[in-house]
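J.: The following block contains the structure, expressed as structure tokens.
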Amino acid sequence: MSKHKQISDKLGFIAIVFLTINLIIGSGIFLTPGTVVRQVGSKSLLVYLLAAVFAAVLALPFASASKYVNKSGSSYAYAKAAFGDKFGFYIGITCYFANDAVWCTSSVGIVKAIIAILGGNPNRFMSITAGLLLLMLLNLIINLFGQRITKYVMNLSTVCKTLSLVVLIVAGAIILMTTGGNYDLSAVDRIREGGKIIVPEVTVSTFMMAVVSALYAFSGFEAVASGAEDMEEPEKNLPRAIPLAVILIAFIYIGVLAVAMLLNPSALMKTNQVVALATIFNNPLLNNIVLAGALISMLGINFAYSFSAPRFLEAMAREHQLSTRLTKRTKRNFPIRTFFISAAITTLIPMAFQYELTNLVTLGSIVRFLEFAVVPVAVIQFYRGHTKGKVLPANKNLLTDVVASVLSVIIVLFMLVEYNWRVQFGIIVNGHVVGVNWYAILAVVFGFVILPLLMYLISRREWQDAE
């Protein structure tokens, strides 16, 4: 393969922006708005605005880190360069688990939606399992065609799902202006279900739980650099692409939520449909456009994570922290072995959670707290020149490298303190905790303790050979 062809197969600046949008706009905005509105009612716009600010601040250290370290692996590569091999290994495995947790949430969402559209039972265990296996097969086939085809598929899905959200905003705005809709957001707080007001009294804890739920809709930027070695000049393009994508998405999300809350908040809050946003219009054509956008969106994010997640393990294998056999690629440059491992975990995690989307969404948010705290500290180390590994001679910036990193750590600590851990690890019935959610506890123990220990024991010989 010629050098020119190798470069042309890599992702350029626009493709990286599209990849970032593809990784962020997925199941979150289509699945979580109803949950957030039920939690905080008319304060939902403020919640999404705060989540957007948090996401923008949290994204800056990731963008800054990519100018110091341009290797694949994202958080793993940054932690390894800043703090050494052992800590980097732990962060790599836990962040890999986080990526798979988000991937499986999107997978379950799209499988349930398709089953419901086809008239089946979206909660039937065997149907969802069969759908997940077919989805993994589809991801495999697309990736086997090579990075050029993968790039085209991701770009097409990004354009389609973004357009569907823009259509939702424009159509909703036109309907509101022509029908003289209700512009009183506080009416959301008075909506009843079964004779009782849906929205409870908002406390700091419930508000922060809603912010974390909304933040899930912005997550994904931390995985963009996982495949940095398959990008053109990642040290230059990533710091520009990530913030741009987050800003564009923030405008779209807030517009979508504003239209939904003003147009039909009752349907948004009470629906049992998987794709909540598809219920706000009485027009079947508009409903189908939103539903199609949701399906394309979730398919797109599946393709995006099938691109990034396998490269996490491959990046660790290239650094001789996992078996070098995992670095094997196909003739079309696809890491086939790490894909099968990732696909297996992505299928098994939701099975352990009985395919319950609420638990999967929160799990996907929780497991990110660690990397959201570690990467900013790593960037500060890069800025100070105190590293355990080699970094690039990047242009240092006090505002983006230090100030944004310190703010990121403060945000993470604040969310950890205010987060309602009892609700996350409890069984909720009629708004009350009635038991312990052992699925959630075991999943976190698996991701933070068992999986890193298991991977270390498997790879110990590789470490010894490298030394």
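The values are calculated or read from the model by the stated rules, or taken from the named source; none is laboratory data. Bear in mind that the values here come from a model prediction, so they are computed numbers and not experimental data. Cβ placement follows ideal geometry from the backbone for every residue including glycine, while neighbour counts extend to all protein chains displayed. Protein only, heavy atoms only, side chains kept; ligands, DNA and RNA dropped before computing areas. Shrake-Rupley method; radii C 1.70, N 1.55, O 1.52, S 1.80 Å.
J.: Any of LYS236/LYS390; LYS10/LYS331; LYS328/LYS388; LYS236/LYS388; LYS43/LYS67 with alpha carbons more than 26 Å apart? Name them for me.
T.: Details: LYS236/LYS390 18 Å; LYS10/LYS331 15 Å; LYS328/LYS388 28 Å; LYS236/LYS388 23 Å; LYS43/LYS67 37 Å.
Table pairs above 26 Å Cα-Cα are LYS328/LYS388; LYS43/LYS67.
J.: Now a separate question. Taking only C-alpha pairs under 8 Å that are 6+ residues apart, what is the relative contact order of region 142-270 in percent? Before the final figure, lay out the partial values.
T.: Details: 54 pairs, mean separation 48.5, N = 129.
Here the relative contact order equals 38 percent.
J.: Ranked highest first by the average count of other Cβ atoms within 10 Å around their residues, in what order do 449-457, 151-159 fall? Please report the intermediate quantities before stating the final value.
T.: On the way: 449-457: 14.2, 151-159: 19.4.
Packing proxy ranking, top to bottom: 151-159, 449-457.
J.: Of LEU144, ALA267, ILE296, whose Cα points farthest to the positive end of the dipole of the chain (charges on the beta-carbon: +1 Lys, Arg; -1 Asp, Glu; origin at the Cα centre)?
T.: Sorting the options by dipole projection puts first LEU144.
J.: While we're on this one: Using +1 at the Cβ of each Lys and Arg and -1 at the Cβ of each Asp and Glu in the chain, identify which of VAL406, SER342, GLY194 lies farthest towards the dipole's positive end.
T.: My answer, from the dipole projection, is SER342.
J.: Determine the share of the chain's accessible area contributed by carbon and sulfur atoms, expressed in whole percent, with a 1.4 angstrom probe. Write out the running numbers ahead of the final one.
T.: Values: 12670 of 19510 Å².
For the chain, the apolar C and S fraction of the accessible surface comes to 65 percent.
J.: Here is a follow-up. Which whole-number percentage describes the relative contact order of the chain, with Cα contacts under 8 Å and a sequence gap of 6 or more? Can you show the working numbers first?
T.: Numbers: 744 pairs, mean separation 151.4, N = 467.
Normalised by residue count, the contact order of the chain is 32 percent.
J.: Sort the following peptides by mean Cβ neighbour count (other Cβ atoms within 10 Å, averaged over residues), highest first: 103-113, 403-413, 79-89, 188-198.
T.: The packing order, highest mean first, is 103-113, 79-89, 403-413, 188-198.
J.: What is the Cα convex hull volume of the chain when expressed per residue in Å³?
T.: Values: hull volume 66.3 nm³, N = 467.
Normalising the Cα hull of the chain by residue number yields 142 Å³.
J.: Moving on. Using amide H atoms built 1.01 Å from N in the peptide plane, name the residues 5+ places from VAL69, or on other chains, whose amide H lies under 5 Å from its own.
T.: LEU392
J.: Relative to the Cα centre, what is the charge dipole magnitude of the chain, using +1 at the beta carbon of each Lys and Arg, -1 at the beta carbon of each Asp and Glu, and rounding to the nearest 20 debye? If you can, show how the numbers build up before the last one.
T.: Values: 36 positive and 22 negative charges, 172 e Å.
The calculation lands at about 820 debye.
J.: Please list, ordered by chain and number, the residues whose modelled amide H lies under 5 Å from the amide H of GLY426; skip anything fewer than 5 residues away on the same chain.
T.: When sequence neighbours closer than 5 places are left aside, the close amide H contacts are ASN437.
J.: Can you find, among THR206, SER164, SER219, the residue farthest towards the positive end of the dipole of region 158-223? Put +1 on the C-beta of Lys and Arg, -1 on that of Asp and Glu.
T.: SER164
J.: Quick query: amide H of LEU11 versus all other amide H atoms, modeled in the peptide plane; which residues come in under 5 Å with a sequence gap of 5 or more or a different chain?
T.: Residues meeting the amide H criterion: MET231, GLU232.
J.: Accessible area per residue of the chain at 1.4 Å probe, in Å²? The partial results should precede the final answer.
T.: On the way: 19510 Å² over 467 residues.
Heavy-atom SASA per residue in the chain reads 42 Å².
J.: Rank by packing, highest mean first: peptides 61-70, 164-173, with packing defined as the count of other Cβ atoms within 10 Å averaged across residues.
T.: Values: 61-70: 26.5, 164-173: 18.3.
The densest-packed peptide leads the list: 61-70, 164-173.
J.: Quick one, could you list the DSSP H helices from the chain stretching 27 Å or more along their long axis (Cα atoms) with average Kyte-Doolittle hydropathy of 1.6 or above? Could you put the intermediate results ahead of the total?
T.: Values: long enough: 44-68 (37 Å, 1.72); 85-117 (48 Å, 1.04); 125-144 (29 Å, 2.17); 147-179 (47 Å, 1.27); 234-263 (43 Å, 1.66); 284-318 (51 Å, 0.94).
Sorted by number, the helices that extend far enough and score high enough are 44-68, 125-144, 234-263.
J.: Note down the magnitude of the dipole of region 63-140 about its Cα centre, charges +1 on Lys and Arg C-beta and -1 on Asp and Glu C-beta and zero elsewhere, to the nearest 20 debye. Write out the running numbers ahead of the final one.
T.: Values: 6 positive and 2 negative charges, 22 e Å.
Dipole of region 63-140, to the nearest 20 debye: 100 debye.
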